[in-house]
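In what follows, a structure is listed as C-alpha cells, so that the remarks can point back to it.
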Amino acid sequence: MDRLSQERRDALDEIDPGWSPVWNAGWQRCLRLVQNRLKDGGAVPVEAGVVVVQGEDLGRWVQGCRFGWDALLPAQRGKTSGR
C-alpha cells in the first residue's frame, strides 16, 4: 500500500481535517446511511431495531452516539450534530 507523503497529508488536512478519520468504517457507514435517510425525507431513528438499512441498525447507532457523546471525538460530534 502506498503511503502519502507528509506534505500531501498536510494539504488534505487543510482541505478537510476529517478526510482520514480515526474511527472505524462501521461508524462512518452508519453516519452515511443516516444522512441518506434524512436527505430522502426520513427521520432520525431513535429506537434500536426499528430502522435497519443494509444490515445496520441505525437506531442503535444513534443511541450509541447520544449516550456515548463524551466518548466521541470532536470531529464525530460535529458530524452527528449537523455541522
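Calculated [222 nm] ellipticity per residue, helices only, for the chain: -15000 deg cm²/dmol; basis is -39500 (n - 2.57) per DSSP H run with n ≥ 4, divided by all residues, nearest 500. Counting only Cβ charges, +1 for Lys and Arg and -1 for Asp and Glu, the dipole size of the stretch 16-83 around its Cα centre is about 140 debye. Each label was represented as a point 7 Å from its Cα along the Cα-to-Cβ direction; for ALA25 and ALA71 these points are 2.2 nm apart. If R0 is taken as 35 Å, the Cβ-Cβ distance between ASP10 and GLN35 corresponds to a FRET efficiency of 0.80.
Return the carbon/sulfur percentage of the accessible area of the chain, one whole number, probe 1.4 Å, all protein chains in place.
Summing carbon and sulfur atoms, their accessible area is 50 percent of the total for the chain.
The values are calculated or read from the model by the stated rules, or taken from the named source; none is laboratory data. Since the model is a prediction, treat every value here as computed from it, not as a measurement. Here Cβ is always computed from backbone atoms with ideal geometry, including for glycine, and neighbour counts include all displayed protein chains. Keep in mind that these areas ignore ligands, DNA and RNA; they rest on the heavy atoms of the full protein, side chains included. Shrake-Rupley method; radii C 1.70, N 1.55, O 1.52, S 1.80 Å.
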